Every structure is written in C-alpha cells, then in structure tokens.
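Since the structure comes first, as structure tokens, the remarks are kept for the end.
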Amino acid sequence: MGIDEALNTINKAEVFGVAESCDRALHLYRRLGEPWRGLKSFHVACTNGKGSISSYLTHILCQAGYKVGWYTSPYLIHFNERIRVLDGPDDLARFDADLTTGEIPDEDVVRLMGMVGREAEKAGAETGQHATQFDMITAVAFLWFREQGCDYAVLETGLGGRLDSTNVLEKPLAVMMAAPGYDHMNRLGHTMEEIVREKAGIIKQGVPVYAYEPADALLSPLDAAAARRVLEERCRAMQAPLVFVGYGDVEILEYGREGQRFRSCGTGHLYSTKLLGPYQPIYAMQSALAVSRAGLADSEAIRRGIEAAVWPARLEVLSRSPFILLDGAHNLQGMLGLKEALARLSRGDAVVFILGMFADKDYSEMLRALLGDPPFRVAGVIATEPPSERKLDAETLAGAAAGVLVHNREETPIQAEPDIKRAVEKALKMAGREGALVCACGSLYLAAGIKSAVRDLLPHEAPDQIHTMRKDES
C-alpha cells in the first residue's frame, strides 16, 4: 500500500455515520487496543476558533517542555498536517518556521491505515456499522500519538461533539468550548440551542470547561442567552466546573497590523500575540487558564507560548506592500468578526475583496454581514471559485455581492473571475489604483491558491514559506 492507496481507504469510507452514539468508533478502537487510553488530552469543540485554541494550547505546552500530539479537524489539503507531534521548544521553533514540522510521515500513514482498514472491516462485519472517514483518521492519530509517547494531546472535534469520533475520551484534562455560531445546520440543528447541545456533548463528569463567552460571539442576544444556558445546564448535570472567558477578562493595550498586546484582568500578566483577530486574546486566555489550572505551565511558558502561536489563514498577512490579508471566515459569525477586524486594520484605507464561497452555505447572509454598511470603503470585489464541487460559481457570487452593494455599486467595481490566480492579479491592480488593501476570504479552500498566486505575483513581498493550508469546513 502506498500513500495514495492509504488515503483512498479513507475516502471510500462513509462520511457520516447513522448511529446515535460513539459505539461505532469505540468498537473499532477497542479492536486496535484502545489507543486513547492513558492519553492525557485537551478536548476542543465549537464553531469558530477551535484551531486558534488548539494552537495556543500546543504552543504553551511545548514551551513548557512537553511532547505534544496535535490533531486538527476536519481535514486539510495536505492530509499529514492533520496529525503532528511537536517535542518541546526546539520543535516548536522549527514548526513556526516551517509548518510541515512534526507531521506524521507518509510511511506511518500507510502502515497505520493498513492496520485500521483491516480492523474496520472486521468491526463492520461484527456490528453492521461501518467506520466513517473521521473514525479512521482519528484512529490513526490515537495510534501514532501512543507510539510517539506523547506527554499530552490536543484534540479537535470534527463538526459536532456528542457523536464525534474523538468523544470516546472519558476524562480529558479540560474541555475547551470555542465561540458558538451557525454552521453545518443540516447535521447539528437549526437553532443555537440545538447546535450548542451537540457541541456540549463532549463535556464529561467533573472535567473543567473553559468556554468562550457567548455574549461576545457576535450572536443575537437571544442566541447568546441560549448558548450560555445550554452550557450551564450541561455543566451542572456533569458537575463540571465552568469558566466563561470574554472581552471583560482582557484589556487590549495595542492593536495593529503587527499583532496585539493585552493584559489579563485576572492576573495582570501582559501578553502579545501575532494573531490579528480581535477575539484572539479570548482564545489565548482560555488556553492559558486551562493549562495553568492543570498545573502544566508557569507564567513564563504561557507568555512565550501565546507570543509564538501561529495559525495560518486567520487574518494572515501575506504581504505588507501591498497589504494583503487571508482570512478563513466561512460562516456568518466569521464574516462579522472579519468586518470588525478590518475596521481597525484598514487604517482608513479602502478594501478590495477576493471572495470565494460554497453554494451550500448561506452566502447571501454572509455577504450582508461583511459588505452591508461596512466601517471601511469597499474599493472593489473580485468573485472567484474555490476548488471544490461545492463551489458557488463566480458569476452568481458577483451578482449577490452587487445586490448587497446596490446603493454604491456604480462606484464599486465588481468582477467575476473563476481562476484564483487571475482573481488575485485583478485585485492587486484594482488595489493599486485605489491605494487599497486586499482581503481574500469566504472559504478556506481558497487558501492554497491565494498563497501560491501571491508568491508568484509578488515574489519580493510574499512570505518565504508558502504553507499548505488546512480546510476547516466540511
């Protein structure tokens, strides 16, 4: 079996299971020797911010000298990026310079997937329930982390929680609930109460929970109240200590295109992060609290971890002259957060957008959130297409954007360009005429194409490393 055949074994499996429990995954994992047993882990769920929290946790733990298994979800453009091991500060420094550091090697994917595939067939024959793609990938992660002798693991759920393959964990060190929002409603439910109840299914008896304050998650007051109520009810039922973290817990001291400095209102400690989202200090403080209260890192390791943390395609700066941002916003709350960030980062400059979205998303609502009454001037929109069968065609997207910008579309050029590289080229020309910055957003499936185009078109300004990007949507 080669790497392509190993990945094909995954791709042939079902995407979603039909069981109303984790028994299907549990049966497979037991056949594999229960590789999750003894894995001391942090379990991360919710709609927006899982990746940022997992990055902060991993960076802090590595700065504290630990060997960390890091499992990100749901899937990446380059499969091996999903499963990595970083051993202490030296590995972390290598990772921050080269995001391929610590990835599971092809030969280990092949070896472990062969084992998982064989046991999955046997488990399916025994139970009549066949392992899903995510069941199998999670099994590979568990097996490899055990083989590597990881001190700790940071594990992201897939798109849910209660029925997630990672939810075989019986007693993680902490449960991390990122910002709630609307996404994957066909699987999780159509109300905030239903969605958060699914996510909160990972909360375990007596395990501390560190949750993003719903009132700060760009939700309606009713949705924020519903999200908070569900989390509180679940934690009471599980006797799980619950801490909400929000903007009231941090004081922003500096904010700009180079990053931000902030103070913890609880401890008075000062921190800096390279991540530009206004919400990033909340994710950082959630992570700091979880690791500190678990007794795993001192204040200096926490400070260094937060300062070193990177997470691509989260308001990532691809070029400083011209200023180009890449953001993975792909749902309503993501777009609202991006607009809030651009209000600060634009510094009065106009913005040219490169947009690419999926047809099965509520793209009209996302466009209204981003382009409706923006606190910056929209100098142009280039609609393009993510490389996926789910793509929304560029012409339809351009028309939808024109509908939102109907009051000023005569002064806002809007073009459809399906080819990503040509879309970047057109956006750069438009931005040059207007003295504007460029922001690419709408789907993480755009990321690799955008970064490659910037590298080719602006080789003197583009980052040295054109990293392979994660896909945070399914």
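The values are calculated or read from the model by the stated rules, or taken from the named source; none is laboratory data. This is a predicted model, so every value here is computed, not measured. Positions of Cβ are backbone-derived with ideal geometry, glycine not excepted, and every protein chain shown enters the neighbour counts.
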### Summary
Of the listed residues (297, 240, 284, 290), the one being over 22 Å from the mean Cα position of the chain (by Cα) and under 18 Å from residue 213 (Cβ atoms) is 240
### Query
Could you give every pair whose Cβ atoms fall below 6 Å, whose first residue belongs to the range 373-402 and is in the same structural domain as residue 416 (by TED's automatic domain parsing), and whose second residue is of a type in the set (Val, Ile, Thr) and assigned to a helix (DSSP H, G or I), counting only separations of at least 6 or pairs across chains?
384/420
## Note on the structure
Counted residues in the range 349-362 being under 21 Å from residue 413 (Cβ atoms) and either within 19 Å of the chain's Cα centre (by Cα) or outside the structural domain of residue 443 (by TED's automatic domain parsing) (or both) come to 3
### Message
What pairs come out if I take residues in the range 105-131 that are of a type in the set (Phe, Trp, Tyr) and assigned to a helix (DSSP H, G or I) and pair them with residues that are at pLDDT 95 or above and crowded, with 17+ Cβ neighbours inside 10 Å whose C-beta lies under 7 Å away, six or more apart or interchain?
### Response
none
### Task
Return a yes/no flag: does the range 127-142 have any residue that is closer than 20 Å to residue 217 by Cβ, at pLDDT 90 or above and buried (at least 22 other Cβ atoms within 10 Å of the Cβ).
no
### Query
Filter the range 411-443 for residues that are assigned to a helix (DSSP H, G or I) and among the small types (Gly, Ala, Ser); which is surrounded by the fewest Cβ atoms within 10 Å (Cβ to Cβ)?
432
### residue 278 vs. criteria loosely packed, with under 15 Cβ neighbours inside 10 Å and either within 22 Å of the chain's Cα centre (by Cα) or within 26 Å of residue 166 (Cβ to Cβ) (or both)
no
#### Entry: Which listed residue, of 216, 223, is in contact (Cβ under 8 Å) with a residue 24 or more places away in the chain, assigned by TED's automatic domain parsing to the domain that holds residue 51, surrounded by 18 or more Cβ atoms within 10 Å (Cβ to Cβ) and touching an Asp or Glu at 6+ places or on another chain (Cβ under 9 Å)
223
### Message
Show me the strands (runs of 3 or more DSSP E) entirely contained within the range 228-331 in which 3 or more residues are out of contact with any Lys or Arg (no Cβ under 9 Å at 6 or more places or on another chain) and farther than 28 Å from residue 183 by Cα.
### Response
259-264
### Query
Taking residue 124, is it modelled with pLDDT under 95 and loosely packed, with under 15 Cβ neighbours inside 10 Å?
no
## Note on the structure
Scanning the range 190-207 for residues that are surrounded by fewer than 20 Cβ atoms within 10 Å (Cβ to Cβ) and more than 20 Å from the chain's Cα centre (by Cα) gives 190, 191, 193, 194, 204, 205, 206
### Query
Which members of the range 88-97 meet the condition of being modelled with pLDDT of 90 or more, out of contact with any helix residue (DSSP H, G or I) (no Cβ under 6 Å at 6 or more places or on another chain) and surrounded by fewer than 18 Cβ atoms within 10 Å (Cβ to Cβ)?
90, 91, 93, 94
### Message
Tally up the residues in the range 143-163 that are surrounded by 24 or more Cβ atoms within 10 Å (Cβ to Cβ) and assigned to a helix (DSSP H, G or I), please.
### Response
1
### Task
Could you run through the range 340-361 and say how many residues are surrounded by fewer than 20 Cβ atoms within 10 Å (Cβ to Cβ), in contact with a helix residue (DSSP H, G or I) (Cβ under 7 Å, 6 or more places away or on another chain) and over 20 Å from residue 433 (Cα atoms)?
0
